[in-house]
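This report refers to the structure that appears directly beneath it.
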Amino acid sequence: MPEVTIKIRAEVGLHARPAATLVDMAKEFECDIRVSHEGNQANAKSILQVLSLGAEKGDEITIATEGDDAEAALERLTELVNQGFELHTNAAGDERDDRL
């Protein structure tokens, strides 16, 4: 199961809009995706579970993936978090601006 630990850079942390962006991207992949923060774990495809983690700017989260497209999912989600949830390209190649 590939995983990465990464620091939240978005000013508002993993609050509503960044969490929704993460969940939307996670749903583009078939693999299982889990996000962990301070001992709590969430299904990355569930907005309520991701929000319940309460991760703030500067906190570290761990993203773990398992399944056929796990490596691709981990790469894309890592890029999204590193960019502060601002701009990403979805699986269809469409760009979306999520500046906070």
Legend entry - Those lysines that a straight Cα-Cα span of less than 17 Å connects to LYS57, excepting residues fewer than 8 apart in one chain: LYS7
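Ratio of alpha-carbon Rg to the 2.2 N^0.38 Å globular estimate for the range 3-86, to two decimals, please. All intermediate terms of the calculation are to be shown ahead of the outcome.
Values: Rg = 11.0 Å, N = 84, 2.2 N^0.38 = 11.8 Å.
That ratio works out to 0.93.
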Inset, instruction - Would you compute, from DSSP H runs of 4+ residues alone, the mean residue ellipticity of the chain at 222 nm, taking -39500 (n - 2.57) per run and dividing by the full residue count, rounded to the nearest 500? - result: -9000 deg cm²/dmol
Legend entry - GLY13 long-range amide H proximity, modeled H, under 5 Å: LYS57
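Every number in this text was worked out from the coordinates using simple rules, so none of it is lab data. What you see is a predicted model; the values in this text were computed from it and never measured.
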